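What follows is a single structure, written as structure tokens, with notes after it.
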Amino acid sequence: MGVVNVTPDSFSDGGEWFEPSAAIKHGRELLAEGADLLDVGGESTRPGAERPAPAEEIRRVLPVIETLAAEGALISVDTMRADVAALALDAGAVMVNDVSGGLADPDMLGLVAQRGTPYVCMHWRGHSADMQQRAQYGDVVAEVIAELGERLEVIQQAGVDLNRVALDPGLGFAKNADHNWEVLRRLREFGVLGRPLLIGASRKAFLGRLLADEKTGEPRPAVRRDDASAAVSALAAAAGAWCVRAHAVAPSADAVRVARRWGAV
Ligand code: PMM
């Protein structure tokens, strides 16, 4: 899954694709690099981020989705808002990627049920403004699995066909670096939930910290985390992940090919 952030302030590629024409061009490039899906989002979820107004989020993503979907691209819309998701589906998106797992907007699950659309439910404990205060766990893997299991029950009660639901442990969302590494190390345990897994590690801060400059201790800048992101993609695929969300698609696509040829996937 290639990431198309139509935002001025994402941590990973903030502002680079904010103009619709630039975002569309970028989406085409990611498809050429081997993306099977494009994830188009208009709200930054970096820690501390302010939320855009719904009308602004719609203004950002709709023209990009309309154009790329008309060209035959498979588009997921990265949104927590039912109204945005509905318009995105009307514009040709085929999947909803909801980082709140239905918790941010009470209308989201009803919409997904009514439209019969594939849905990504990510583990989430609250909005980005203060989510890192919620990074409190005894056993992070057990708790994230339990909380995702609870979401699956609510999603099913809302009338959504669970066969169309993928799960995501939400690296970096109410999780510190140690939590992220623990989730990755024990990724296979999420198989107990019986749903495909999506992993979004690409360019995240825990990789920047791992690759910090040895002299200054400065984290590696986001745009220089793609080799490490590709390594996570290969290892996640080998551990059974269904999909990896990547800003630079070519390195991850190659890494996953290696994992597959190796026989690890
Ligand atoms: N991470 C971000 C945004 N959307 N969606 C899913 N399903 N999983 C993620 O880990 C995820 C996401 C934040 O990264 P970005 O600001 O670079 O898009």
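Take the chain, compute every pairwise Cα distance, and split them into 5 Å bins from 0; I just need the percent in each bin.
In whole percents, the pair-distance histogram is 1, 6, 13, 18, 21, 19, 14, 6, 2, 0, 0.
Using 0.36 nm times the number of residues separating residue 192 and residue 70, minus their current alpha carbon distance, what extension gain do you get?
40.2 nm
Based on the mean of other beta carbon atoms within 10 Å per residue, what is the order of 174-184, 214-224, 151-161, most packed first?
174-184, 151-161, 214-224
Given a cut-off of under 8 Å on Cα pairs at least six residues apart, what relative contact order in percent is computed for segment 107-202? Mind showing how you got there, number by number?
Values: 117 pairs, mean separation 36.4, N = 96.
Answer for segment 107-202 is 38 percent.
Accessible area per residue, 1.4 Å probe, Å², for the chain: what's the number?
Result: 44 Å² per residue.
Only Cα pairs within less than 10 Å get springs; with that Gaussian network setup on the chain, which residue of 107, 139, 36 has the largest fluctuation?
In the Gaussian network model the winner is 139.
Mean residue ellipticity at 222 nm from the helices of the chain, using -39,500 (n - 2.57) per DSSP H segment of n ≥ 4 over the full residue count, to the nearest 500 deg cm²/dmol?
Working: 9 runs with 107 residues, N = 265.
My calculation for the chain gives -12500 deg cm²/dmol from helical runs alone.
At residue 231 and residue 143, where each label point lies 7 Å from the Cα along Cα→Cβ, what is the point-to-point distance in nanometres?
2.8
Going by a ≥ b ≥ c, the root eigenvalues of the Cα gyration tensor, does segment 1-100 fall in the rounded group (a/c under 1.5), the prolate group (a/b larger than b/c) or the oblate group?
oblate
About its Cα centre, what dipole magnitude does the chain give when the only charges are +1 on Lys and Arg Cβ and -1 on Asp and Glu Cβ, stated in debye to the nearest 20?
Value, rounded to 20: 680 debye.
Please work out how much length the chain gains when fully extended from residue 107 to residue 178, using 0.36 nm per residue of separation minus the C-alpha to C-alpha distance, in nm with one decimal.
22.2 nm
Would you calculate the separation in nanometres between label points at residue 134 and residue 264, each defined as 7 Å from the Cα along the Cα-to-beta-carbon direction?
According to this spin-label approximation, the distance is 3.2 nm.
Round to the nearest 0.05 the FRET efficiency obtained for residue 59 and residue 254 when R0 = 41 Å and r is the Cβ-Cβ distance. Please report the intermediate quantities before stating the final value.
Values: r = 35 Å, r/R0 = 0.86.
Efficiency at R0 = 41 Å is approximately 0.70.
Quantify, in whole percent, the carbon and sulfur part of the accessible surface of the chain (1.4 Å probe; protein heavy atoms only).
Carbon plus sulfur share of accessible area: 52 percent.
Between segment 149-170 and segment 22-67, what is the C-alpha centre distance in whole Å?
24
Charges at C-beta only: +1 for Lys and Arg, -1 for Asp and Glu. How large is the resulting dipole of segment 126-265 about its Cα centre, in Debye rounded to 20?
Using Cβ point charges on Lys, Arg, Asp and Glu, segment 126-265 gives about 520 debye.
In nm, give the distance between the simple-model label positions of residue 32 and residue 115, each being 7 Å from the Cα along the Cα-to-Cβ direction.
Label-label distance for residue 32 and residue 115, simple model: 2.9 nm.
Please give the contour-minus-distance gain from residue 242 to residue 210: 0.36 nm per residue of separation, less the Cα-Cα distance, rounded to one decimal in nm.
Extra length from residue 242 to residue 210 when fully extended: 9.0 nm.
The values are calculated or read from the model by the stated rules, or taken from the named source; none is laboratory data. As the structure is a computational prediction, the values presented were derived from the model and not from experiment. Every residue, glycine among them, receives a Cβ derived from its backbone with ideal geometry; neighbour counts consider all protein chains shown. What goes into the accessible areas is simple: the full protein's heavy atoms, side chains included, and nothing from ligands, DNA or RNA. Shrake-Rupley method; radii C 1.70, N 1.55, O 1.52, S 1.80 Å.
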